[in-house]
Every structure is written in structure tokens, then in C-alpha cells.
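K.L.:
Shown below is the structure under consideration.
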Amino acid sequence: MAEPGVSATTAKNAMISGHFSDDFDCLVFEDVSRYFGRMRALSHVSFSCTAGEIVGVLGPNGAGKSTLLALASTLITPSAGGIRYGNQGTHERGGNVRANIGMLSHDTQLYPELTARENLQFFAGLFGVQDPASCTEAALSRSALRGRGDEPVMKFSRGMRQRLALERALIHDPKLVLLDEPFTGLDDLSSKSLANRLRGLRENGRIILLTTHDFEAAEGLLDRAALLWDGELLNVEPVTGSLRDHYVNHTGKVAGTAKVSR
Amino acid sequence: MTATRFIRVAWLIVKKDLTIEARSRELVLTTLFFAVSCVLVFAFGFVRDQNPIGEAAAGILWIAIAFAGTLALGRAFERERYHDVLHALLLAPADRPAIYIGKLLAVICLLAVVEIIIVPLISLFFQTPIFRHPWLLGLLLACGTLGFASVGTLFAAMLVRARSRDVLLPVLLYPITIPVIIAGVRGTVLLLQPEVDVIMVRAWIGMLVFFDVVFITLSLWTFEPLMTD
Amino acid sequence: MIASRWFPVLAVIAMVFFAGAPLMIARAPYESTMGLVQKIFYFHVPAWIAMFLAAFVCGISSAIYLFKGKKLADHLAVAAAELTILFGLIGLVTGPLWARKAWGLWWQWDARLTSALILWMIFVAYQLLRQYGGPGSDKLAAGMALFGMANVPFVYWSVNVWRTIHPTTNVVPTLVPGMSEAFFWCSAAFILMFILTLSARVKLECHRAAIDRLYLSLDD
């Protein structure tokens, strides 16, 4: 249960309809593996992220990045190993943990027939936000969509949908923010705006885990980079200097070895 | 606390589905049209002396409901599968069975609209006095539709992530809902007789109520394990 | 399931039972109205008994797999579902053969036969789901089996009430003393065969799962 002494956490918990949800400071993967029949998506992955950092998950296509995020979001359960939310060892995957997780996935996860405002209000209510109306207005202003709040989402461009989807993922101010390729389809201005937003979340003590192919957009954003190759975690190290160089340095060794790629 | 959260989430989902439906009218119109076509096809299929058979009316009504219902269920969940919205719903903090209840109520509203049109139509085509006992008929239709939809909503939800889901939904649904069809058809036939055996009709309604209770409970119980991977 | 050393012993016993079955059946007295044809009953009813046993095993193990996640329960459910279909098929073929000779009709919607047919179809649907549902269909099929089990009383009640409107001849005659020995002999033979085939099929599933695990650990 939530520590009563910290005022920020209690204030946030009160926001979730007066019901205490489990708050946590870190996300820990303990020897997690996930198989689909004979196909190994992830193999013996162990790492942890703490509050106030942005961790990037990098790797080629098919390395298991999306699976890792899906596991962190509790949508899939591990075939072996466990995932801990917080130091108290909360393996419990109930609604209390979900209240603190926000995920932006590949698909926009928005209803095309509803307007932007209706979409946000629906998800705000669903995630237990105390005042859905004002949260929705704030979210619309943040994503510069206020003028188009009453248009159905199917009329939006790809970039607008992505911005709205980000607001949807963050509407309940989650502790753990998971983003799957968030920079896809965003123009330069939006990418910078997203990066600043994530930095702001980091200052607020959120745990941010994202996957990306776009080294330019993520330049200078990541604190640490987790490198996945073929379902295995190569290393998780702080990023110093250019992200592309960091990636090439660490994966170059693996690509060069006699490891047969499947 | 969790009870109000449950009801709130279910209500949000019903409202959302009805809003989408009111705006696009896709499901209502296509399902309604399909149900009417069904009735026509069966009316042409069962003929005696170049006229549709009056006794077939009860059976045709329930078959049309079953077929239209299967179509509506498939489309209702296709909406959640498109753009992967179902996963966003599953991430909500509320108990997952609330999603089931919300979708169930939305599907029932849709089928109610279809039935309100189909029943008078059948009375017209087959010249059957189907409205002599409107309350009993209404109760029979309500309990039967609820039974069919309760199993159908669960199966449609669990098949969202399966292959061949379009054909597997009817394959799984029809054997399980045979008791509902039997009860519905027998009850309706009894209501069409000149001398209505009210006790027997009540017995069929009783079985349907029992069916509804058992299968809604079972669905609520199994929804969470069936939706998690 | 059954330890390897017992398997051949039980297999031999089962073969003895089946070899002796024709003798037992021949010794049993003729039924008054139907004569020789009635003797198909000695295979027909035990086949149904085996089918219901298999369906029951499938339902219970599906529930265990769904709520507890034990892999062995899933193997058991797969094997039991296949056997439900097999024994049900035997019952469904022998039933009409009997009905044709005894009453001149291939199928006359007898309450018990119809209920059994519906249950059989539920398990055929289970098998179709497992085969064509893609990955993750093991859990979905477990849900289907559970719903099928819950449905049995409703199917039986509704078909029964439906049929009493059109009364038919009683399919299963009362057991005269001379008949009961043959009946129990054949029932024992079928149940034994059920247990043996179930055991062999479960073992096959366990081996298949072990191969998958080995495949996965290949790169560790």
C-alpha cells in the first residue's frame, strides 16, 4: 500500500477516486523469459529502472522490444521469472498496479468515430481520474488540439493522432510510462515537444521506458540504454555521447560473432 | 468502493458504444437488414401450397435472432480490435469483468432494437397472432436474448486474439446456445396456439432465467483468465 | 499417468476383455421384441459411458488449467477431448444402426441420443478451436470445455421436455439378469480402453511439450 508520509503520493492517490492504489518507485525484471510455442521472444532478461530516469530499449526488428513493454504493462505474463513493481515485491497484477501504468503502443488505441474530447473523457473516466472534464481540457491544450476537440478522430492526421494518443496514455498521470516507438510519424517540432514532455515527466519522478529506432529524436534524451538482441539483454548502460555510436559500439561486437541469427 | 468503480466502468463502456452507434449507425442498420433478409430467405425456404408455413414463424424468429446476434457480436468486438483499443481497455484499473458487462449491455441494446422490428414483421409475413400475450413474449425474448448474448459476448471477446475468429464464433456459440433456442422456439410456439399453456411457457422462461444466471456468473468468473495471455 | 510397467499388463487385460466380449454377448439372452439387433446395445451404451467419462475428465482438467495454469491439466484436456469425439462417434454410428433395424428409422430424435449429439458437437467445436485458433487457443479451448460442461444439465432438460411432446419408444430396455453380465463385461472393456488410450495420448502430449522445451533451451 502507499507510504502515508509522502505528500506527493497521497495527493496523487486521492486523485484516483479516493481509493489508494499501489505506488512504486522502481520496475524490476527478474530473469524474465517469454515464449510463444517454440519461438523465444525474450530470454532471461533482468534489469531495473528507478523513478526519475528515462531508459531506452534499443535493438533490431524482432529483438523483443515490444514484448518487453507488453510484459511491463501487465498485458502479457512472463513464461518464466517475475516482474516487480516497487521494492515491496508486489507481484500482484491487479487493478492497483494498473492504475499507475500508462502505455502508448504502436496503434493509436483511439476510437475513430468519437471526437478527441470524447475519447479523452472516456479514458479519463475509465482510468479513474477524479475530474475527467478538466483533465481533458488540460490535455487538449497541452497537445495543441483544443481547436479540434470536437472533430472525430478519423479526420485527424497521423501526427495529430499520435499526440492525442500520448495524452490518452498520460491522462491519469501514471508513475510508469511505457512508450512503443513514440517518435514514429512525428514531425521535427512534435518530436522536440515530446522529448521536452518526457524530460518534464522525468523531473516529476516518473519511470519512463521507451523503445525507438529514431536515434536523432532520442539524442540526449536517454539516461540509460538497454540493448536487446534476439530476445537477450546485452547490457544496460548509461549513454555518454552520441546514441548512435553507443548503439553501434555495443551491438557491433555481437553482430560480428558467430551467433546464428534466427 | 470497487462496486461503484465496476458500475462506473461498465456504464462508461455502454455509453461509449451507444454513442458510436448513434453516430455511425453501422451495426444497427446492417444487423437489422441482415435479420430481415434472414426472415425472407427462411420464409421462401419453408413453403407449403405456395405460402409460408405459419408454424415455422417461431423457429424463424429465433434463428434470425441467433444469426443476427452472431454478426453483431463479431462486429462489436472488431471495433475494439481495430486500433488495438481492447488492450487500452484491459489496462484500466477496474476489474476486467466490468468490460464484459459493459459490452454485454451494449449488445443487448442493439439486439433489442432488431427484435422490436423483426417481431411485428414476422407477425405480418406469417399472419401469426404473436402479440396475444405481449408480456410473456417480451419476457421470453428478453431472457433468451440475454442468454444468447451472455455466452456470445464472452466468446467474441476471447476470440479477439485468435486466428479464424470470424468462423470460430458461430462454431463455438451455436452448440452452447442450443438450449436457449429450444426454450425460445418451444415457448413461442406455445404462445401462438389458440389455447395458450401459460404454465409451460413459464417453465421455459424459468429455464432461461436459470441459464442466464449460470452463464453470466460463469462468464464473469472466466473473463479475466481468458483475456490474459 | 499410468506407470510404464503397468501399461502392457492393462493392455493385455483389455484385449482379453474385448476377445471375450463376443462370447459374453452371444451367451446373453435375446430381448423379447427386437431379437438379435438389440445386442448392439452392449457396445452402444458402454461407448456412451466412455464418452461421458472423457467429457467429464476434459471439463475438470480444463477448469484446472484455466484457473491454476498447470500444463499437465492442459495435456489431459486435449487427450480427453479427442477421446470424447472418438467414443461419441462409436455411439453415434451404433445408435442409428440399431434404430434402423429395430424401428425402421435411422434417426428419431430420442432425448438421450440428441443430448449426446449436442455434447459431442461441443467437443468437436473444442477441437476445431484448438486446431484453427492459432497461438493462445489452449486457454480459449479450456473456457469452451468449461462452458460445455456447465451446459450438460440444460441440454438434457430442454431436449427431454421438448421430446415428451412427441413420445417415442424407450431406447434402452430394462436389464434382464442374463444380460447384465454381458453389459458389465463390455462396459469394463470400454472403460479400460478409455483409460489406456487416454494415458497414451497424454504421454504423447507431454513428450511434445518436452520437445518444445528442449528446442527453447537449445540456445541457452
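The rows are residues; the columns are (1) within 7 Å of another protein chain (Cβ to nearest Cβ); (2) within 17 Å of the chain's Cα centre (by Cα); (3) of a type in the set (Val, Ile, Thr).
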{"residue": "C:Leu92", "(1), (2), (3)": "no, yes, no"}
{"residue": "C:Trp106", "(1), (2), (3)": "no, no, no"}
{"residue": "C:Ala111", "(1), (2), (3)": "no, no, no"}
{"residue": "C:Thr114", "(1), (2), (3)": "no, yes, yes"}
{"residue": "C:Ile122", "(1), (2), (3)": "yes, yes, yes"}
{"residue": "C:Asn151", "(1), (2), (3)": "yes, yes, no"}
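K.L.:
On to the next question. Among the residues in the range B:23-32, are any within 13 Å of chain A (Cβ to nearest Cβ) and either buried (at least 17 other Cβ atoms within 10 Å of the Cβ) or closer than 23 Å to B:Arg165 by Cα (or both)?
P.N.:
Initially, the range B:23-32 is screened for residues within 13 Å of chain A (Cβ to nearest Cβ), giving B:23-27.
Restricting the remaining residues to those that are either buried (at least 17 other Cβ atoms within 10 Å of the Cβ) or closer than 23 Å to B:Arg165 by Cα (or both) gives B:26-27.
So far as the range B:23-32 goes, yes, one or more of its residues are within 13 Å of chain A (Cβ to nearest Cβ) and either buried (at least 17 other Cβ atoms within 10 Å of the Cβ) or closer than 23 Å to B:Arg165 by Cα (or both).
K.L.:
Report the residue count in the range C:132-147 for those that are in contact with a Gly (Cβ under 9 Å, 6 or more places away or on another chain), facing chain B (nearest Cβ under 7 Å) and farther than 15 Å from B:Ala157 by Cα.
P.N.:
Count: 1.
K.L.:
So, in the range A:58-68, how many residues would count as being within 15 Å of the chain's Cα centre (by Cα), more than 11 Å from chain B (Cβ to nearest Cβ) and not small (Gly, Ala, Ser)?
P.N.:
3
K.L.:
State the number of residues belonging to the range B:177-224 that are buried (at least 19 other Cβ atoms within 10 Å of the Cβ) and either among the small types (Gly, Ala, Ser) or outside any helix (DSSP H, G or I) (or both).
P.N.:
Result for the range B:177-224: 5.
K.L.:
Moving to a separate point now. Please give the number of the condition C:Val57 fails out of (1) β-branched (Val, Ile, Thr); (2) surrounded by 17 or more Cβ atoms within 10 Å (Cβ to Cβ); (3) modelled with pLDDT under 80.
P.N.:
For C:Val57, the failing item is (3).
K.L.:
I've got another one for you. For the range A:78-184, list the helices (runs of 4 or more DSSP H) that sit wholly inside it and hold at least 1 residues that are acidic (Asp, Glu), at the interface with chain B (Cβ under 9 Å from one of its Cβ atoms) and over 22 Å from the mean Cα position of the chain (by Cα); which are they?
P.N.:
Values: elements: A:95-98, A:116-126, A:132-142, A:158-170.
Ranges flagged: A:116-126.
K.L.:
Could you tell me how many of the residues in the range C:206-220 are away from chain A (no Cβ under 14 Å) and surrounded by 13 or more Cβ atoms within 10 Å (Cβ to Cβ)? Give the derivation first.
P.N.:
First, pick out the residues of the range C:206-220 that are away from chain A (no Cβ under 14 Å): C:206-207.
Still in the list and also surrounded by 13 or more Cβ atoms within 10 Å (Cβ to Cβ): C:206.
The number of residues fulfilling the criteria is 1.
K.L.:
Additional query: Do the conditions hold for A:Leu69, that is, is it within 23 Å of A:Val236 (Cα to Cα) and in a helix (DSSP H, G or I)? Can you show your working first?
P.N.:
On the way: within 23 Å of A:Val236 (Cα to Cα): yes; in a helix (DSSP H, G or I): yes.
Taking the combined requirement at face value, the residue satisfies it.
K.L.:
Also, I was wondering about something else. Would you call B:Val167 under 12 Å from the mean Cα position of the chain (by Cα), facing chain C (nearest Cβ under 10 Å) and either more than 22 Å from B:Tyr82 (Cα to Cα) or of a type outside the set (S, T, N, Q) (or both)? Give the steps one after another, and end with the answer.
P.N.:
Values: under 12 Å from the mean Cα position of the chain (by Cα): no; facing chain C (nearest Cβ under 10 Å): yes; either more than 22 Å from B:Tyr82 (Cα to Cα) or of a type outside the set (S, T, N, Q) (or both): yes.
Taking the combined requirement at face value, the residue does not satisfy it.
K.L.:
Please enumerate the residues belonging to the range C:153-184 that are more than 14 Å from chain B (Cβ to nearest Cβ), within 18 Å of C:Phe52 (Cα to Cα) and at pLDDT 70 or above.
P.N.:
Once the filter is applied, which keeps residues that are more than 14 Å from chain B (Cβ to nearest Cβ), within 18 Å of C:Phe52 (Cα to Cα) and at pLDDT 70 or above, the range C:153-184 yields C:Phe183, C:Phe184.
K.L.:
I need a count of the residues in the range B:5-21 that are more than 22 Å from the chain's Cα centre (by Cα) and facing chain A (nearest Cβ under 8 Å).
P.N.:
2
K.L.:
Can you run down the residue pairs with Cβ atoms below 6 Å, 6 or more apart or on separate chains, where the first is in the range B:140-158 and at the interface with another protein chain (Cβ under 10 Å from one of its Cβ atoms) and under 15 Å from C:Ala142 (Cα atoms) and the partner is among the polar types (S, T, N, Q) and in a helix (DSSP H, G or I)?
P.N.:
Between residues of the range B:140-158 that are at the interface with another protein chain (Cβ under 10 Å from one of its Cβ atoms) and under 15 Å from C:Ala142 (Cα atoms) and residues that are among the polar types (S, T, N, Q) and in a helix (DSSP H, G or I), the close pairs are B:Leu154/B:Ser219.
K.L.:
Next up: Give, as residue ranges, the helices (runs of 4 or more DSSP H) completely inside the range B:48-129 that count at least 2 residues that are touching a residue at least 40 places away in the same chain (Cβ under 8 Å), of a type in the set (A, V, I, L, M) and closer than 30 Å to A:Leu176 by Cα. Walk me through it before giving the result.
P.N.:
Values: elements: B:57-81, B:85-90, B:97-126.
By residue number, B:85-90, B:97-126.
K.L.:
Just for the range B:90-101: of the residues that are aliphatic (A, V, I, L, M) and either crowded, with 23+ Cβ neighbours inside 10 Å or touching a Gly at 6+ places or on another chain (Cβ under 8 Å) (or both), which one is farthest from the other protein chains (Cβ to nearest Cβ)? Full working, then the answer.
P.N.:
So the first thing to find is which residues in the range B:90-101 are aliphatic (A, V, I, L, M), and the list is B:90-92, B:94, B:98-99, B:101.
Next cut, either crowded, with 23+ Cβ neighbours inside 10 Å or touching a Gly at 6+ places or on another chain (Cβ under 8 Å) (or both) only: B:91-92, B:94, B:98-99, B:101.
Values: B:Leu91: 6, B:Ala92: 5, B:Ala94: 6, B:Ala98: 9, B:Ile99: 9, B:Ile101: 14 Å.
Among residues in the range B:90-101 that are aliphatic (A, V, I, L, M) and either crowded, with 23+ Cβ neighbours inside 10 Å or touching a Gly at 6+ places or on another chain (Cβ under 8 Å) (or both), the one farthest from the other protein chains (Cβ to nearest Cβ) is B:Ile101.
K.L.:
Any residue at all in the range C:212-219 that's touching a strand residue (DSSP E or B) at 6+ places or on another chain (Cβ under 9 Å), part of a loop (DSSP other than H, G, I, E, B), at pLDDT below 75 and closer than 27 Å to A:Tyr35 by Cβ?
P.N.:
Yes, the range C:212-219 contains a residue that is touching a strand residue (DSSP E or B) at 6+ places or on another chain (Cβ under 9 Å), part of a loop (DSSP other than H, G, I, E, B), at pLDDT below 75 and closer than 27 Å to A:Tyr35 by Cβ.
K.L.:
Here's a check for you: in the range B:160-176, which residue that is assigned to a helix (DSSP H, G or I) and free of Cβ contacts under 8 Å to residues at least 40 places away in the same chain is surrounded by the most Cβ atoms within 10 Å (Cβ to Cβ)? Break it down into steps so the answer makes sense when it comes.
P.N.:
Residues of the range B:160-176 that are assigned to a helix (DSSP H, G or I), as a first pass: B:165-176.
With the extra rule that they be free of Cβ contacts under 8 Å to residues at least 40 places away in the same chain, the set shrinks to B:167-168, B:171-172, B:175-176.
Values: B:Val167: 11, B:Leu168: 24, B:Val171: 18, B:Leu172: 29, B:Pro175: 23, B:Ile176: 26.
Ranking the candidates gives B:Leu172 first.
K.L.:
Still on this structure, I have one more. If you check every pair at least six apart or on different chains, which have Cβ atoms under 6 Å apart with a residue in the range A:139-167 that is within 18 Å of A:Gly200 (Cβ to Cβ) and touching a residue at least 40 places away in the same chain (Cβ under 8 Å) first and a residue that is among the charged types (D, E, K, R) and exposed (fewer than 15 other Cβ atoms within 10 Å of the Cβ) second?
P.N.:
Correct list of pairs: empty, since none qualify.
K.L.:
Scan B:Val171, B:Val189, B:Val198, B:Val213 and give me the residue that is in contact with a Leu (Cβ under 8 Å, 6 or more places away or on another chain) and within 20 Å of C:Trp157 (Cα to Cα).
P.N.:
Values: B:Val171 fails: within 20 Å of C:Trp157 (Cα to Cα); B:Val189 fails: in contact with a Leu (Cβ under 8 Å, 6 or more places away or on another chain); B:Val213 fails: in contact with a Leu (Cβ under 8 Å, 6 or more places away or on another chain).
Answer to the selection: B:Val198.
K.L.:
Among the residues of the range B:202-210, is any over 18 Å from B:Ala66 (Cβ atoms) and facing chain C (nearest Cβ under 9 Å)?
P.N.:
For the range B:202-210, residues over 18 Å from B:Ala66 (Cβ atoms) and facing chain C (nearest Cβ under 9 Å): present.
K.L.:
Going by the structure shown, is A:Arg117 closer than 30 Å to A:His213 by Cβ and of a type in the set (Lys, Arg)? Full working, then the answer.
P.N.:
Values: closer than 30 Å to A:His213 by Cβ: no; of a type in the set (Lys, Arg): yes.
Here the answer is no, as A:Arg117 does not meet what is asked.
The values are calculated or read from the model by the stated rules, or taken from the named source; none is laboratory data. Quick caveat, the model's predicted, so the values are computed rather than measured. With ideal geometry, Cβ positions are generated from the backbone for all residues, glycine too; neighbour counts draw on all protein chains shown.
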